[in-house]
Amino acid sequence: MQQDVNGQPPETDDLVAWADYNGLTHPILADPDMVTGPYVVTGYPTYVVIDREMRILNADLWPFDPQYIIDQI
């Protein structure tokens with residue numbers, strides 16, 4: 001989540017309310033500093049796979065492929 005309904009960086013309460021409203025059960029992160037610039041975020045959900053050295057392995061794993069994640073571990 002990059003911003004709240006007013007276009008401001010989200011607060012934790014905003015993020016929790018948004019996740020609850022959308023029925024999300026997977027982990028989510030706020031992005032108040034809008035660091036998603038290097039990633040291909042053209043829609044949601046976007047799954048960016050980052051390795052332990054913080055390199056982007058896949059900028060947009062869509063459709064989601066759990067086996068791809070397992071293979072990277």
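Derivation of every value follows stated rules applied to the coordinates shown; laboratory data play no part. Worth saying up front: this structure is predicted, and the values here are computed from it rather than measured. Methodologically, a virtual Cβ is constructed for each residue, glycine included, from the backbone with ideal geometry; neighbour enumeration extends over all protein chains shown.
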Checklist outcome for this item: Once phi for every residue in the range 5-12 is put through the Karplus expression 6.51 cos²θ - 1.76 cosθ + 1.60 (θ = phi - 60°), the whole-Hz ³J(HN,Hα) values, with Gly and Pro written as x, are 5, 9, x, 9, x, x, 8, 4
Next on the checklist: Give me the extension gain from Asp51 to Asp33: residue separation times 0.36 nm, minus the current Cα-Cα distance, reported in nm with one decimal.
Outcome noted: 4.3 nm
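Assuming R0 = 35 Å, what is the FRET efficiency of Ile73 and Asn6, from their Cβ-Cβ distance, to the nearest 0.05?
Efficiency, from the Cβ-Cβ distance: 0.35.
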